[in-house]
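One structure is given here, and the rest of the page talks about it.
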Amino acid sequence: MNNDISTLRRILKSCTTLAVVGLSAEWHRPSFFAAKYMQEKGYRIVPVNPRYAGQKVLGEICYASLQEVPHAIDMVDVFRKTSEVLPLAQQAIAVGARCFWQQLEVMNHEADALVRQAGLDSVMNRCVKIEHARLFGGLHWAGVNTRIISAKRPV
């Protein structure tokens, strides 16, 4: 898995357009909280959820599927059950995404192998928001141990 610090940092620096599959419009849901954080850090969020298709979530038009997104997607960030992930991996490959990211508690090994074979970066069982905060200085204020010792803030 691509869970080492240098790989995660490279992915988060290079993937700036995130299609968030399963993004909820409800502010208290983890998908909303994580996407809002990433949007505030300068990432373009593309909501993908058939429940909200055509509506705006976080100020962006929501699409029913990855295939409906009319522009390039760097990362597919998945907030779905593990059993629902494989078709999303196939869609991520079809739309030309560069990274397939399965959120916390989501670990579909078949999808992981498929996207890797197609040349995509793949991350499982990690939260984009938590990793961004851990690797780019967002957790320091809470006293969280990021396991990175440095006098300089990463750029």
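The values are calculated or read from the model by the stated rules, or taken from the named source; none is laboratory data. The structure presented is a predicted model; accordingly, all values stated were derived computationally and were not measured. Cβ coordinates were reconstructed from backbone atoms using ideal geometry, including for glycine residues, and neighbour counts include every protein chain displayed.
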Filtering segment 15-54 for residues that are closer than 23 Å to Glu105 by Cβ, part of a loop (DSSP other than H, G, I, E, B) and without any contact (Cβ under 8 Å) to a residue 60 or more places away in the chain leaves a count of 10
Mind counting the residues in segment 100-119 that are outside any helix (DSSP H, G or I) and closer than 18 Å to Thr82 by Cβ? 9
Looking at Ala97, is it surrounded by fewer than 21 Cβ atoms within 10 Å (Cβ to Cβ) and either out of contact with any helix residue (DSSP H, G or I) (no Cβ under 9 Å at 6 or more places or on another chain) or at pLDDT 95 or above (or both)? no
Can you confirm whether Arg134 is on the phi > 0 side of the Ramachandran plot and either at pLDDT below 95 or part of a helix (DSSP H, G or I) (or both)? no
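Is it fair to say Val144 is over 14 Å from Thr7 (Cβ atoms) and modelled with pLDDT of 95 or more?
no
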Note: among Val21, Val78, Val57, Val48, just one is β-branched (Val, Ile, Thr), touching a Lys or Arg at 6+ places or on another chain (Cβ under 8 Å) and crowded, with 22+ Cβ neighbours inside 10 Å, namely Val21
Inspect segment 55-72 for any residue being modelled with pLDDT of 95 or more, in a helix (DSSP H, G or I), touching a Gly at 6+ places or on another chain (Cβ under 9 Å) and farther than 20 Å from Ile11 by Cα and give the result as yes or no. no
With respect to Ile45, is the statement that it is out of contact with any Phe, Trp or Tyr (no Cβ under 8 Å at 6 or more places or on another chain), closer than 18 Å to His132 by Cβ and at pLDDT 95 or above true? yes
